[in-house]
Amino acid sequence: MKRFVTLLFLSFFVVSSSAFASQFDDGMKLLKEKKLEESAKMLSQFAQEHPRESNAAQALAVTARILDLLQDTFSERAEKKCYWGSKAPSTPACMRDEAKRLNEIYGKNAFDYIGGTSVAYIAYTGSHYKTVLKRHSKSTFVDEAEFYQLLLKLEGHPDKVLPRIEKFQKQHPSGEWNRKARLLWARVNEDVSFIWRKWTWVLFNGKITEDELIVRSAPYQRAAIAAYTELAKQHAATVEGRMAAEELKQLQATGDNGNVISITNDASATPWSKWGVTLSQ
């Protein structure tokens, strides 16, 4: 009788594990078929219900990449529903309800409504990456999760933002995520330089002086050029090296890299496409 119970338990375990694997495989199959919303829903559900499965961390990371990509689509869809048309409610409450609906599908706190005087949109919070860091701290997706969290913390004074990037670089002294951090360092320094030159004014003896702005901007631009140059030369064959070379060329030709991703409250360092990260990475 004892042997029968043991065999029955083992049979149940094998069947259950097979079912879990099938759910994960189905989610990845939907990804290959470019059914992104369905894939994210299935993979997110799999990771929530089976956190101890070996591929739960991968399911979370893939879900995060998909939702990062889709956040603009979701926000635009909500905006049309809430503000377009004669019968649209035209209220922030409607946008919050849409964010809540997305969270019911993809997990608690996955999306947040960002509302203000100059910006109003629904954004992905990186919640699935936070779960990777909390539950799967030894997985191969930790570096990716940490970098994404860094990308969400780039608003504010340069003296606060730049040390965070330096810290990440020290924690990742080599490899892909070090290269991405060095690219981030270049981009943020150029942002600061651009903001000093274009969006700031300084009074000197009661007059606005452009010379002072140039002086304050110059160290940041030099830091950006140095980082771009080093990355482009040392890692020319990588996606980060190619991006650095292209942005350095534009910076030298026009005076800026054409895209502010940090410091200001309406800037964004996502989606992942800005960093060469793909859905199937």
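The values are calculated or read from the model by the stated rules, or taken from the named source; none is laboratory data. Only a predicted model underlies this, so the values are computations on that prediction, with no experimental measurement involved. So basically every Cβ, Gly included, is an ideal-geometry build from the backbone, and we count neighbours across all protein chains shown.
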### Query
For S39, are the conditions met, namely being more than 23 Å from A269 (Cβ to Cβ) and touching a Gly at 6+ places or on another chain (Cβ under 8 Å)?
yes
#### Entry: Filtered residue count, segment 121-148, keeping only those that are at pLDDT 95 or above and either closer than 30 Å to Y83 by Cα or in contact with a Pro (Cβ under 7 Å, 6 or more places away or on another chain) (or both)
8
### Query
Restricting attention to segment 54-77, does a residue exist that is over 19 Å from the mean Cα position of the chain (by Cα), modelled with pLDDT of 95 or more and among the basic types (K, R)?
yes
### Query
Hey, any hits in segment 170-181 for a residue that's exposed (fewer than 13 other Cβ atoms within 10 Å of the Cβ), free of Cβ contacts under 8 Å to residues at least 24 places away in the same chain, outside any helix (DSSP H, G or I) and not small (G, A, S)?
yes
### Query
Residues in segment 77-98: is at least one in contact with a strand residue (DSSP E or B) (Cβ under 9 Å, 6 or more places away or on another chain), in contact (Cβ under 8 Å) with a residue 24 or more places away in the chain and closer than 21 Å to Q281 by Cα?
no
### Message
Between A93, A59, A40, A47, which is of a type in the set (A, V, I, L, M) and more than 30 Å from S139 (Cα to Cα)?
### Response
A93
### Task
Could you look through segment 61-105, keep only residues that are under 25 Å from L43 (Cβ atoms) and acidic (D, E), and pick out the one that is surrounded by the fewest Cβ atoms within 10 Å (Cβ to Cβ)?
E104
### Task
Kindly check whether there is at least one residue in segment 198-210 that is in a helix (DSSP H, G or I) and either surrounded by fewer than 17 Cβ atoms within 10 Å (Cβ to Cβ) or of a type outside the set (G, A, S) (or both).
yes
### Query
(1) part of a helix (DSSP H, G or I); (2) within 30 Å of T63 (Cβ to Cβ); (3) of a type outside the set (G, A, S); (4) at pLDDT below 95: which one isn't true of R242, the others all being true?
(4)
